1. For S62, what residues show an amide H to amide H distance below 5 Å, using hydrogens built from the backbone and excluding near sequence neighbours?
2. With a 1.4 Å probe and every protein chain kept in, tell me what percent of the accessible surface of the stretch 26-90 is carbon plus sulfur.
3. Given springs between every Cα pair under 10 Å in a Gaussian network model of the chain, which of E98, E23, E88 has the largest fluctuation?
4. Extension gain V35-L96, at 0.36 nm per residue separation less the Cα-Cα distance, in nm?
5. Restricting to DSSP H runs of at least four residues, report the calculated mean residue ellipticity at 222 nm for the chain, -39500 (n - 2.57) per run over all residues, nearest 500 deg cm²/dmol.
6. Could you order Y144, Y137, Y92 so the one with the most accessible surface comes first? Probe is 1.4 Å.
7. Taking each full run of DSSP H in the chain as one helix, which ones are at least 24 Å long along their axis (Cα atoms) and have mean Kyte-Doolittle hydropathy of at least 0.0?
8. When only C-alpha pairs under 8 Å and at least 6 residues apart count, what is the relative contact order of the stretch 82-162, in percent?
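The values are calculated or read from the model by the stated rules, or taken from the named source; none is laboratory data. Given the structure is predicted, the values throughout are model-derived calculations rather than measurements. Note that each Cβ is placed from the backbone with ideal geometry, even for glycine, and that neighbours are counted across all protein chains shown. The accessibility values were calculated without ligands, DNA or RNA, using every heavy atom of the protein model including side chains. Shrake-Rupley method; radii C 1.70, N 1.55, O 1.52, S 1.80 Å.
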Amino acid sequence: MTHTHRATADHGTPDDGPRGFRERAGRYALLPLRVFLGVTFIYAGLDKITDSAFMSATGTGSIGEMMTAVRDSAAVPALVDLALKNPEGFGYAIALGELAVGIGTLVGLLARLAALGGALISLSLWLTVSWQTDPYYYGNDLAYLMAWLPLVLAGASLFSLDALIAARRRTP
């Protein structure tokens, strides 16, 4: 007895061929990027919050020392000046922002907004902390900025709270 499978948009079969595989792969294409960025930003936020030396206005390894060191080489020194008005507050703002962005991205909650936040954090770090990196492609903040843009555009359609919420809204 033969059983025929019908390919659907959600569940492909091995008989789908290259086209079906490409369609399924396309739906999952941003998932590795989302997981990487989410985990990385959560780790970065936790790393900053738990480092008392970093969360200080002065001293070796402090946010204040780092911002003072990059002030004259930053593309936008005014951003550094703003951070230097309250280095500890700025350090906590960056760390909490990274945590919020990472969690939102990883679980897919307000995913486009979280990705925009990640892009803005990466942009601000590129224009300040890593601007002097020469050649520019050695700095990671520009690469992170570019990595966030597909998630800003596409959001998180799979394995996300956004998708779950949207599905619940559609069902009466």
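1. Under 5 Å from the amide H of S62: no residue qualifies.
2. 65 percent
3. Ranking E98, E23, E88 by mean-square fluctuation puts E23 first.
4. 20.1 nm
5. After summing the helix terms and dividing by the residues of the chain, the value is -21000 deg cm²/dmol.
6. Result of the area sort, largest leading: Y137, Y92, Y144.
7. Those that clear 24 Å and a mean of 0.0 are 31-49, 87-107, 111-128.
8. With pairs under 8 Å counted, the relative contact order is 35 percent.
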